[in-house]
Structures are given as structure tokens and as C-alpha cells.
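Written out below as C-alpha cells is the structure these notes cover.
The values are calculated or read from the model by the stated rules, or taken from the named source; none is laboratory data. Because the structure is predicted, anything quoted here is derived from the model rather than measured. So basically every Cβ, Gly included, is an ideal-geometry build from the backbone, and we count neighbours across all protein chains shown.
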Amino acid sequence: MRLLSVVLSGGAGSRLWPASRQAFPKPFMKLGGSTLLQQAVERGQACGTGDLMIVTNKDHLFLTKDVLRQMADPPEATLLLEPKGRNTAPAIALAALQCIKQFGGDTVMLVLSADHLVPDVEAFVASASQAFRLATQGNLVVFGISPTSPDTGFGYVEVEHVSRESQRAKRFVEKPDLQTAQEYLATGRYYWNSGMFCFTADAIVSAFERHAPEVLAGARHALDSSTTTEDSIQFDLHAFGLQPDISIDYAVMENADNVHVVPAKFSWSDVGSWPSVARAHNPDASGNTMPPNVVAIDTTGTHVQVDSHSPKVVATLGVHDLVIVDTPDALLVAHKSSAQDVKRIVDTLKARESETVNLPAVVHRPWGTYASLKEEEGYKVKRITVKPGQALSLQYHHQRAEHWVVVQGTAIVQVGEVEHRTLPGEYRYIPLKEKHRLTNVGKDELVLVEVQCGEYLGEDDIVRLADTYGRV
């Protein structure tokens with residue numbers, strides 16, 4: 001029987017600000033040397049899934065493709081591109097309908113989240129094999145995590161009694177308050193709901209038909225209104241927005257009578273907050289998780305993460321149980337006990353219309369990246385990278401001129417109607433309102449320094465005349 005990995009790669013990860021931003025969310029953060037999205041894909045591959053489907057936001061298409069392209073064995077994937085977030089029930093319904101269309105209704109879907117950390121892949125495969133067997137019998141399977149604390153950030157699943165064997169789920173409970181969570185732990189009858197599932201496409205569609213027909217109808221309408229390219233499916237914004245915004249737990253799992261829990265025999269973290277990120281690292285003798293070049297004096301239980309455009313000395317003195325996350329454009333200092341409330345900071349920044357909520361310090365584009373190094377009134381300095389064979393759009397600006405210095409690679413710089421081959425150390429000037437284009441014609445990454453000069457330097461001062469990526 002066929003096995004399909006369905007990776008749900010959504011969510012802004014606002015509790016992991018400032019590392020996670022809306023344009024660069026949690027699935028693309030690296031932990032242990034690779035992104036969480038890559039790790040989710042590799043877990044599915046380890047289970048023997050030759051087929052892959054990823055549900056993600058359309059704005060993350062090129063980030064997703066970059067992750068897949070950089071893997072040692074790049075998988076082929078069907079990408080379902082959401083125009084906006086719509087929760088897990090519509091995402092799974094769309095994936096199931098597309099799975100039936102593409103692979104057949106008896107295909108087993110292994111639904112994984114792109115923001116989980118599962119270090120022991122071998123143990124995960126063992127649990128997934130058990131889930132696969134139950135799914136082939138028509139059951140809806142959820143992976144249950146044995147709770148280690150009365151955590152209020154997870155949903156819970158009640159069973160007869162927590163054990164190492166799979167069993168029928170009695171009920172699902174959404175995130176409880178602390179007292180209720182403590183009571184759950186004391187009974188020995190509850191698992192954490194991991195948000196990972198296994199079922200055949202036919203079984204989950206039947207469950208939608210019975211318990212949430214409006215979700216299934218919305219998904220069918222969205223799929224019927226979609227457009228398909230070679231490897232992706234894009235949804236019409238209006239049709240997609242008609243789908244109910246509801247989780248798979250509320251829509252189906254709480255109501256179905258054929259849900260089984262497979263107890264996880266693997267360690268697991270949903271990487272939902274900075275303390276959970278800290279727990280994913282090996283602490284030093286003082287309980288600190290930080291780069292070796294941090295100067296830590298009289299410091300215990302503290303997590304430090306630094307992302308800088310240039311070498312930076314970070315030192316801590318006389319602090320305990322803190323989270324310190326330093327990025328080029330934002331700094332977070334929080335006590336670990338308050339880390340669940342980082343979203344309040346994000347909400348405040350949204351109200352102030354701060355770009356640090358949306359864009360990361362290094363902004364990813366289909367052609368490469370750009371990062372602002374310095375900005376004052378009248379000028380901005382940026383570092384731009386362009387992938388081999390890629391090009392920026394043919395464009396001009398109403399309110400700024402630009403100066404380009406190539407520092408690595410080989411560029412073709414079009415200014416007006418003239419193309420200039422430009423090598424490291426060479427300079428080109430782009431006058432105000434002059435059309436221009438930058439192309440990497442070398443085999444290596446192109447790097448240049450751009451100095452913008454003008455009264456207005458916003459990213460929206462771009463008039464595109466032609467574009468390889470359809471953004472005109």
C-alpha cells in the first residue's frame with residue numbers, strides 16, 4: 001500500500017520572535033544544522049514514503065523549494081500553496097482530496113508538522129509503522145506524547161490508561177488551564193496531542209463527510225477553483241477564504257469513534273517557545289545553552305542566540321534563566337517564565353506597524369537575498385546575493401538612485417539599454433528613474449553592496465517592467 005508524507009508547513013511562530021517572522025516563519029529556522037521543514041521531510045523519507053506533499057503559504061514557495069533543493073537527496077513534492085492561513089482541517093481536507101486524485105483513496109497519509117523536533121528518527125519510524133498498520137484497518141491515528149509536565153500549551157487526548165500499546169481514544173481536550181492540566185497528569189489517562197496523524201485518504205474524507213461536511217465542501221470548491229502547474233497547486237483567494245477556519249481536532253477527531261492513539265516511543269518537542277528551543281540544545285555545566293564565544297560570568301540557565309551581519313561580542317553577567325535572542329534588527333531579553341508571552345510583544349509591534357514582525361533581517365527572494373546593513377536619512381546600504389543563473393526584475397525607481405559594487409561573482413548589469421559585464425571590485429551607477437537589471441552569469445553566488453540615495457527608500461518604490469517570477 002502506498003504511503004504519502006503530508007507536511008503542514010504553516011504558522012508564523014510568533015512566540016519565537018525575533019528569529020521567526022511572517023516572511024520567514026518557524027519551519028525555516030535551523031536547529032541541529034538543518035531547518036525544521038527539512039527534518040520533517042526526512043522523517044517521512046525514513047518511513048519509506050516515496051511521495052511527498054507540502055501544504056504551505058504561497059509566499060513561502062521559493063523558501064520551500066530552496067530547502068528541498070539543498071537536501072542530499074532532493075525529493076519531488078506536490079506543493080499546495082495557500083493564499084492565507086486556514087488552520088489544519090482545511091489543509092488536511094485539501095491534501096486528502098488531492099491525494100485521492102493523484103495517488104488513490106487507499107493511500108496512507110502520514111501527516112507531519114514542519115515545526116516539530118524529533119531527534120530519534122529510528123524510534124519515530126517504529127511508531128509510524130504501528131500507526132501505518134492501524135490506518136490500513138480504517139482507523140484515524142494520532143501520535144500521543146506521554147506528558148512530562150502539566151503543560152497548558154498542548155491539547156490532550158484521554159485514553160483508558162497511558163501505556164506503551166496503542167488504544168482507542170476516548171476524547172480530545174483543547175489546551176486546559178493549569179489546574180485542569182495538573183488533574184489530567186494525576187489520572188494517568190492523558191497524552192499530549194502531538195498534532196501528527198496517520199490515516200488513509202478515504203478514511204479521513206469519510207470522517208469529514210460525517211462530522212464536518214462544510215469543511216469538505218469548502219475544500220472541494222477551493223480545489224475545483226485552483227490552478228495547477230508542474231509541481232504546485234495555487235488556490236483562488238476568494239474560494240479558499242470560504243473554507244471554515246477550524247482545526248482537525250475540533251472538526252473531526254473530537255467526534256469520530258475510530259480514533260486510535262499510538263504512544264510515541266520517541267522524544268518530541270513542538271519548538272513552540274524559546275525554552276523549548278533551549279531544551280533542544282545540550283547545556284553546559286551551568287545549564288546555559290549559548291554559542292561558545294559568548295562571555296558568560298555568573299550566568300545560569302540562560303539561552304543566548306546571536307545572528308549578526310558582522311562579528312559581535314555578547315557577554316552576560318549575573319543573570320539567570322533568561323532568553324537572549326539578538327538579530328541584526330531586533331533584540332529580545334525575556335525571563336524563561338515569561339517566554340510564552342512573547343506574542344504580546346509581536347502584537348504590540350504589529351500595532352506600531354513595525355517591519356520586524358514581517359521581514360527578517362535577511363530577506364529571501366526567488367533570486368537570492370538582501371539585508372540592510374545601515375540606514376540613515378537620505379541613504380541605505382544593503383548586501384545583495386543572487387543565485388547562479390538568476391536575475392532580479394527589470395525595474396526602475398521613482399525616488400532613489402543606486403550605486404552597485406560587485407564583491408564576489410560575475411554580474412551582467414543592465415542600465416538603460418546597455419549591458420555591462422561587472423567583476424569583483426567594479427562599480428555601476430543606476431540613475432534615478434533609469435531602468436536596470438542585475439543577473440548572475442557565473443557559477444557561484446553573486447554578492448554586491450548597494451548604496452541607495454534618495455528622499456524615500458521604501459521597498460515599495462519599485463516599478464517592475466519584466467520579471468522571471470511573474471511579479472509584474
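Structure notes:
- Restricting the first member to segment 4-16 and to residues that are within 29 Å of H303 (Cα to Cα) and in contact (Cβ under 8 Å) with a residue 60 or more places away in the chain, and the second to residues that are among the charged types (D, E, K, R) and assigned to a loop (DSSP other than H, G, I, E, B), the beta-carbon pairs closer than 7 Å and six or more apart or on different chains are G11/D115; G13/D115.
- Flag if V323 is of a type outside the set (D, E, K, R), within 26 Å of V357 (Cα to Cα), part of a strand (DSSP E or B) and without any contact (Cβ under 8 Å) to a residue 60 or more places away in the chain: yes
- Taken residue by residue, segment 95-111 has at least one member that is under 25 Å from A280 (Cβ atoms) and surrounded by 21 or more Cβ atoms within 10 Å (Cβ to Cβ).
- When the test is whether a residue is at pLDDT below 95 and either more than 21 Å from H309 (Cα to Cα) or exposed (fewer than 13 other Cβ atoms within 10 Å of the Cβ) (or both), G458 passes it.
- Taking first residues from segment 96-123 that are over 16 Å from T136 (Cβ atoms) and at pLDDT 95 or above and partners that are of a type in the set (A, V, I, L, M, F, W, C) and surrounded by fewer than 17 Cβ atoms within 10 Å (Cβ to Cβ), no Cβ contact under 7 Å between residues at least 6 apart in sequence or on separate chains turns up.
- If you check D224, D202 for being under 21 Å from V55 (Cβ atoms), among the acidic types (D, E) and either touching an Asp or Glu at 6+ places or on another chain (Cβ under 8 Å) or not assigned by TED's automatic domain parsing to the domain that holds Q137 (or both), only one passes: D202.
- Within segment 406-436, the set of residues being in contact with a Pro (Cβ under 9 Å, 6 or more places away or on another chain), within 16 Å of G368 (Cβ to Cβ) and of a type in the set (A, V, I, L, M, F, W, C) comprises V406, V407.
- Any hit, segment 371-378, residues being more than 30 Å from V441 (Cβ to Cβ) and free of Cβ contacts under 8 Å to residues at least 40 places away in the same chain: yes
- Candidates in segment 281-302 are the residues that are assigned to a loop (DSSP other than H, G, I, E, B) and buried (at least 16 other Cβ atoms within 10 Å of the Cβ); of these, the one that is nearest to the chain's Cα centre (by Cα) is M290.
- Checked across segment 256-269, the condition of being under 25 Å from K26 (Cβ atoms), among the charged types (D, E, K, R) and free of Cβ contacts under 8 Å to residues at least 40 places away in the same chain holds for no residue.
- Residue within segment 188-209 that is assigned to a loop (DSSP other than H, G, I, E, B), modelled with pLDDT under 95 and either within 23 Å of V252 (Cβ to Cβ) or aliphatic (A, V, I, L, M) (or both) present: yes
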